[in-house]
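Enquirer: Below is one structure. I have some questions about it.
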Amino acid sequence: MADWNNGEKTDENELKGATGGDDVVDDVIIEQSAVLLRGYVIQQATAEDPNIHVRHEDLGGRPQEEDDPQIKGVAEQLLKIADDLNKNVELQRLVSAVQANCAQDVFMSVARSIFEDGINWGRVVALFQLAYRLIYQALTQNHTEIIKRVISWFLQFMKEHISAWIRQQGGWKNPLRCHGIPESENSPT
C-alpha cells in the first residue's frame, strides 16, 4: 500500500512520486481512492445494516487493507462529512434516483452534476456516496457483478476529474480539516 505522505511509496520496488511527477502521484491518489472507497462502503453498509458482511476482497481489494489505521481514519473522516451531506435533500434525491444496474453514462452524468459548481471535499464525499449507494443496492439485490463496474466508473471519474484537485489539497491527509469540522472531532477513534 502506498505511503500517505506526498505520494511516495514505502516499498523500494515501487515508484516514488518525486521521481515520476504528477502522473505517478495521481496514480497513488487513485489507488488510495480505491482502498478508501472499499473502506467507506464497508463502514457505511455495516452502519446501515449490521447483518450485512462485506469484506475488502468482496469489493476487489486485499484482506490486509482493512488493517491499515490510516485507511480507517480517512474513511471515518469521509463518513463524518457524509453525515452532513445526508441533510442535503437535493443531493439525496440525485443519488437515490440512480439504479445499481445503470449505464456508465448515467453514472458519469450524475457524477458530473455533483461537481458542476466546482470541487470541494463535500462533493468528493458525495461521489463516494453515489458509488456506495449503487454498490449497496448491488449487494442487497445479489448483483455482485455490478460492483466492480461501479468501482471502475468511480475510479475513472476520480482519475479524469478529481485526482489533480486532491493532489493540490495535499492528498488524502485530512479532508475534515478542510471541511470545517473542529479539530477535536478530527481524530479517528
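Enquirer: Condition first: modelled with pLDDT of 80 or more, among the small types (G, A, S) and touching a helix residue (DSSP H, G or I) at 6+ places or on another chain (Cβ under 7 Å). Now tell me which residues in the range 71-112 satisfy that.
Expert: Once the filter is applied, which keeps residues that are modelled with pLDDT of 80 or more, among the small types (G, A, S) and touching a helix residue (DSSP H, G or I) at 6+ places or on another chain (Cβ under 7 Å), the range 71-112 yields A75, A82, A111.
Enquirer: Can you pull out every residue in the range 51-70 that is surrounded by 14 or more Cβ atoms within 10 Å (Cβ to Cβ), assigned to a helix (DSSP H, G or I) and at pLDDT 75 or above?
Expert: Listed by number, the residues that qualify are H56, D58, L59, E65, Q70.
Enquirer: Another one. For the range 159-189, give me the residue count where each residue is modelled with pLDDT of 55 or more and of a type in the set (A, V, I, L, M). Give the steps one after another, and end with the answer.
Expert: Of all residues in the range 159-189, those modelled with pLDDT of 55 or more come to 159-175, 177.
When the remaining residues are screened for being of a type in the set (A, V, I, L, M), the result is 162, 164, 166.
Qualifying residue count for the region: 3.
Enquirer: List every residue pair whose Cβ atoms sit under 8 Å apart, with the two residues 6 or more apart in sequence or on different chains, where the first one lies in the range 133-150 and is of a type in the set (F, W, Y) and the second, anywhere, is open to solvent by 70 Å² or more (accessible area, probe 1.4 Å).
Expert: Once the first residue is of a type in the set (F, W, Y) and sits in the range 133-150, its partners that are open to solvent by 70 Å² or more (accessible area, probe 1.4 Å) give Y136/E48.
Enquirer: Only one of G118, G122 is open to solvent by less than 40 Å² (accessible area, probe 1.4 Å) and more than 18 Å from W172 (Cβ to Cβ). Can you tell me which?
Expert: Every option except G118 fails the conditions.
The values are calculated or read from the model by the stated rules, or taken from the named source; none is laboratory data. These figures come from a predicted structure and were not determined experimentally. Here the Cβ is made from the backbone with ideal geometry for all residues, glycine too, and neighbour counts use every protein chain on show. SASA here: full protein model, heavy atoms, side chains in, ligands and nucleic acids out. Shrake-Rupley method; radii C 1.70, N 1.55, O 1.52, S 1.80 Å.
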